[in-house]
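Inspection log for the structure reproduced underneath, given as structure tokens.
Only the coordinates and a few stated rules stand behind these numbers; no lab work does. Not measured: the values here are computed from a predicted model. Positions of Cβ are backbone-derived with ideal geometry, glycine not excepted, and every protein chain shown enters the neighbour counts.
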Amino acid sequence: MSNKRKRKDIFLQAITYLASSVALIILMMIFFFVLKNGSGLINFDLLTSDYHAKFYNGGTEVISDDISFSAPNDLAEDAYFSNHWGIALKNAKDKEGQAVIKVEFIDSQSPLNELYDKNNPDNTTFSLKEGQVVSMIKFHDKASALSVQGAENMINQLNEANEFREIVFYSSGGGIRGSIITTLYTIGLSLLFALPIGIFTAIYLNEFAHKNKITQIIRQMIEMLTGVPSIVFGLVGLAVFVPLTTRYTPATSGNILSGSLTLAVILLPVIIRSTEESLKVVPDEFRFASLALGANRTQTTFKVVLPSALPGILTATLLAIGRVIGESAALIFAIGTAIKDDISIFGKSTTLSVHIWSLLTDEPANIELASTIALIILIMVLILNMSVKLISSRFMKPFN
């Protein structure tokens, strides 16, 4: 090999290694940025609580002087317990990093379990619950106990009082329960619409359709749809599926159903192409053997070919789920950007990806919570990719 050829090979290798290193560094920087900013908020409460805080104004009757409660043995050291009211409070931070006072423990016999609604005294009673945030306690004969004064001060004032005029508390909010439910709804509904149409279309193209200009045009159109930006599908969803669902369902605007129909259209090219490729790798010997035994073409397709291609179809399904989880542009038009806690398939809501978009468009942008949701999406996509690898390695055996 000449020196000129060697220098050229070394130059090409250097470019290859440099480009790979730059790509890896960029990806790692994105991952560590999301991990650094979002890992601090990940907890079970974030996944199960509502995004919008619910406020309560409660009152209670006068309690006896001799009533007393005992603190639980496993009470946290940084929690302050009121023997007179049977409640433990602690200083904490909310999901946005602001200082608050949270209920750490409340005795089952505490008078705070039977608060009446100050805004509607005739209504049924409600109770203060663990994890809720106490912002203020108003007394009759002294200054109010405020959250900015700390949990210790609030407990001390409670111990010195047999009654109070009003207690203001709320659920912390900031959770993503509604967005998780919406994401699961969109995954289920979009696959319900896209899988049957996509799989049967692939079966027709690969097993029954004749090779002519019509099928060639169909394939070209399918391949063209794979390269269409998702925001174009969003416009189609806004112009077609939103009016369709508002006319024939209780929906009044963009909704989960219209968003799922839009996603189904986006997924069709992916499912059709993946399923068709899975059908192509099934050896023709399987088909010939089935036909030789007396089965017709339809029986051969659905009893021999399709089961053999099932691992590839499952892989296509998992890839489609990953596309649904990460989609945002189309859903902004087809569903909307309103973050909801009460979820209905005929109402507006946000998936996890659109939730991130909503947080970043606020003033100021909630980078920390957006990074947390992004980290959750990355974990979900990682699990899906590992599942694809597992299916490929265990079930997709090569045909000889």
Q | Lys/Arg +1, Asp/Glu -1 at C-beta; segment 67-221 dipole; positive extreme among VAL103, GLN216, ASN159 | A | GLN216
Q | Projected label distance in nm at ARG7 and LEU75, using a 7 Å step from Cα toward the beta-carbon | A | 8.1 nm
(Q) With a cap of 15 neighbouring Cβ atoms within 10 Å, and only residues DSSP puts in a loop, list the chymotrypsin sites (Phe, Trp or Tyr not before Pro) found in segment 327-365. (A) PHE346
Q) Tell me, Kirkwood radius of segment 17-111 from alpha-carbon pair distances, in Å? A) 17.7 Å
Q. So for the chain, what are the equivalent ellipsoid semi-axes in whole Å, largest first, each being the square root of 5 times an eigenvalue of the Cα gyration tensor?
A. 57, 28, 21
(Q) As an exercise, identify the trypsin sites (Lys or Arg not before Pro) in segment 1-71 lying in DSSP coil whose Cβ has no more than 16 other Cβ atoms within 10 Å. (A) LYS54
**Q.** Acute angle (nearest 10 degrees) that the helix 177-203 long axis makes with the longest principal axis of the chain, alpha-carbon atoms
**A.** 10 degrees
Q | the chain - charge dipole about Cα centre, Lys and Arg +1 at Cβ, Asp and Glu -1, debye rounded to 20 | A | 3480 debye
Q. Along the charge dipole of the chain, which of LEU235, GLY58, LEU375 sits closest to the positive end, that is, farthest toward it, with unit charges on the beta carbon of Lys, Arg, Asp and Glu (+1, +1, -1, -1)?
A. LEU235
Q | Percent of C-alpha pairs per 10 Å bin, segment 143-289, short to long | A | 9, 24, 20, 13, 10, 10, 7, 5, 2
Q. Distances over 33 Å make up what percent of all Cα-Cα pairs in segment 177-394?
A. 25 percent
Q) Which length gain, in nm to one decimal place, applies between VAL232 and GLU166 when the Cα-Cα distance is subtracted from 0.36 nm times their residue separation? A) 18.4 nm
Q: First select every other residue whose beta carbon is under 15 angstrom from the beta carbon of VAL381; then total the charges, Lys and Arg +1, Asp and Glu -1.
A: +1
Q) What stretch of the chain, leaving out the sites themselves, is the longest with no GluC sites (Glu not before Pro) in a DSSP loop having at most 15 other Cβ atoms within 10 Å? A) 164-400
Q) Which links in LYS36/LYS348; LYS211/LYS303; LYS102/LYS138 stretch past 26 Å when you go from one Cα to the other? A) LYS36/LYS348
Q. Helix 213-226 versus the longest principal axis of the chain: what is the Cα-based angle in degrees, 0 to 90, to the nearest 10?
A. 30 degrees
Q) What is the helix-to-structure angle for 3-38, meaning the angle in degrees between its Cα long axis and the longest Cα principal axis of the chain, kept from 0 to 90 and rounded to the nearest 10? A) 30 degrees
Q: Compute the Cα gyration tensor for segment 266-400, then decide on rounded, prolate or oblate, letting a ≥ b ≥ c be the square roots of its eigenvalues: rounded whenever a/c is under 1.5, prolate when a/b is larger than b/c in the other cases, and oblate in all that remain.
A: prolate
